[in-house]
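J.: Below is one structure. I have some questions about it.
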Amino acid sequence: MSDYCGCVNRNVSRRHFLTKTSLGLGTVGLASLLDPLNLVMAGQASDGAPGGASLAGVLPAPHFPPRAKRVIYLFQSGAPSQLETFDHKPLLQERNGEELPDSVRQGQRVTGMTAAQKSFPVTGAQFEFAQYGQSGAWVSELMPYTADIVNDLCFVRSMHTEAINHDPALTFFQTGSQQPGRPCFGSWLSYGLGSLNHNLPTFCVLLSRGSGRKNAQPLYSRLWESGFLPSLHQGVQFRSSKDPVVYLNNPDGVDERSRRRVLDALGKIHEIAYKEEEDPELRTRVAQYELAFRMQTSVPDALDVEGEPDHIYDMYGPESRVPGTYAANCLLARRLAERGVRFVQLYHVGWDQHGDLPKEIRGQSRDVDQPSAALVMDLKQRGLLEDTLVIWGGEFGRTNYCQGELTKNNYGRDHHPRCFTIWMAGGGVKSGLVYGETDEYGYNIVSNPVHVHDLQATLLHLLGIDHERLTFRTSGRRLRLTDVHGKVVHDLVA
């Protein structure tokens, strides 16, 4: 499209063209001062060649003093049953097999998997519970290692969400919207606060498959994508294979000096294109190339666990020596956090126990109990827990009634968005706290409800960010992680 002011041809959008011609060059100058992207688009390569976007965040400083610098999110994909782990309900055992009263259910929505059931039998957990720590938190026999660290934990038993199926619920927790396409939590932090280590990604992702439900719900890479934010802020997935990051290593016949010359040339070409097209993704792309170049050295060091002493492996459990397991990923999360990675996201799949729950949840709990507790203890002994926020939980809870046939030794539980439990540690949250309460049937919340957006607002608050002020303008709106909802739950803040 030709520019009416006689400038060279530019590949610009219609909106950009009309803005420039109708409002004048003064608007363009003002936009350069107000557009937060310009704060991250400066930077030169070490030899003076044109560089890409820097890894600084758009916020010149946090909105208020942060309590946490980094986050490790232990996401339990598939939704752990709160009734078998942390929300003890003796009444369910007493009334096992009885019909769930209509006064409790209140005609609330159920999934298509149980909507046709003629009966909703109350189902008690088949596991013993006991109280632990100063808070008297109830923890089941499935989580003995977690029981040992309850004084460091903040349990929230009154989480709730609108989403009733896995994909929208996962997407809601990660991005603040049930519809795909929004930036995830880690991307927002990268965009707002930037990097603590320019040699490693700001946002790293680790995946593991549990020993619970083998054919679990899949995870999609869009859960750690940057949405409408610059692609520099998307998560980098680390794999357990020989090459932990795909396409990171140089191909055969290409040495470090050759790669450096190629990157310098690409930087100059992209800078010329940027001056022509003013597309910020051009500089973002160069920044990704440069980061990948630095990661060729930093990633092998960060992932080299062979130097870890035996007592650390013993702490995390025997599977910590097996690459790709949840235990191994927890150990890697600690190594990444201590090297300045801002956001480490672990996904552990296999919690979707619609049937055969007593057997499957034993294995699934065994996967995560010891390593999760070890991660908290390991961070604490290194002085990192104080400013590292650890989060453990899934996308919703499970029903208090049985899905399918209830037998003496077997049962399953369907999805339940009305109430579920997560726990947090470190990073400015209150330790030794049990927050929120559900009714005696474990079906509805009776005190201190915490919505997903409330949790997101609180987590950002702990990181020094006002959730209403970290925004990005796109499609005519200023969007944020918490959409137009969410309030900080100050009761959870130490």
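Throughout, read-outs are computed from the coordinates displayed, never taken from laboratory work. All figures in this text were calculated on a predicted structure; none of them were measured in a lab. Cβ atoms come from the backbone with ideal geometry, glycine included; neighbour counts cover every protein chain shown.
J.: Using label points projected 7 Å from each Cα along Cα→Cβ, tell me how many nm separate A265 and E440, to one decimal.
T.: If labels sit at A265 and E440, their model points lie 7.7 nm apart.
J.: Once you list every other residue whose beta carbon is under 10 Å from the beta carbon of L385, what net charge do they have if Lys and Arg are +1 and Asp and Glu are -1? Walk me through the numbers on the way to the answer.
T.: On the way: positive: K380, R382; negative: D152, D378, E386, D387.
Neighbour charge sum, excluding L385 itself: -2.
J.: Can you tally the net charge around I312? Count Lys and Arg as +1, Asp and Glu as -1, for every other residue whose Cβ sits under 13 Å from the Cβ of I312. Mind dumping the intermediate values first?
T.: Values: positive: R321, R334, R335, R382; negative: E306, E308, D310, D314, E338, D378.
Local charge sum for I312: -2.
J.: Right, something else. Step through the table entries K118/K487; K118/K408; K89/K430, compare each Cα-Cα distance with 31 Å, and write down the pairs that go over it. Before the final figure, lay out the partial values.
T.: Details: K118/K487 39 Å; K118/K408 19 Å; K89/K430 24 Å.
As for pairs spanning more than 31 Å Cα to Cα, those are K118/K487.
J.: Excluding N215 itself, what net charge comes from residues whose Cβ is under 13 Å from its Cβ, given Lys and Arg +1 and Asp and Glu -1? Provide the component values of the computation, followed by the final result.
T.: On the way: positive: R209, R213, K214; negative: D352, D356, E360.
Net charge around N215: 0.
J.: Assign unit charges at the C-beta atoms only (+1 for Lys and Arg, -1 for Asp and Glu), then state the dipole size of the range 386-462 relative to its Cα centre in Debye, rounded to the nearest 20.
T.: Details: 5 positive and 9 negative charges, 37 e Å.
The dipole of the range 386-462 has a size of about 180 debye.
J.: Still on this structure, I have one more. I want to check the label-to-label distance for Q381 and E308. Put each point 7 Å from Cα in the C-beta direction and report it in nm to one decimal.
T.: If labels sit at Q381 and E308, their model points lie 1.2 nm apart.
J.: Among F228, F129, what is the fewest-to-most ranking by other Cβ atoms within 10 Å?
T.: Values: F228 13, F129 21.
The order, fewest Cβ neighbours first, is F228, F129.
J.: May I pose another question? Tell me, what ³J(HN,Hα) does each residue in the range 195-208 have, in order and in whole Hz, if you take phi through Karplus 6.51 cos²θ - 1.76 cosθ + 1.60 with θ = phi - 60° and put x for Gly and Pro?
T.: 9, 9, 8, 6, 9, 10, x, 6, 9, 10, 10, 10, 10, 8
J.: Also, I was wondering about something else. Calculate one ³J(HN,Hα) per residue across the range 58-69 by plugging θ = phi - 60° into the Karplus curve 6.51 cos²θ - 1.76 cosθ + 1.60, and present them in order as whole Hz with x for glycine and proline.
T.: In residue order, the calculated couplings are 6, 7, x, 7, x, 5, 7, x, x, 8, 10, 9 Hz.
J.: Looking only at Cα atoms, what is the convex hull volume of the range 57-107 per residue, in Å³?
T.: Working: hull volume 11.8 nm³, N = 51.
Considering the Cα atoms of the range 57-107, their hull volume per residue is 232 Å³.
J.: Another one. Give me the distance in nm between label points sitting 7 Å out from Cα along the Cα-to-Cβ direction at N410 and E128, one decimal.
T.: Each label point lies 7 Å from its Cα, and together they span 2.6 nm.
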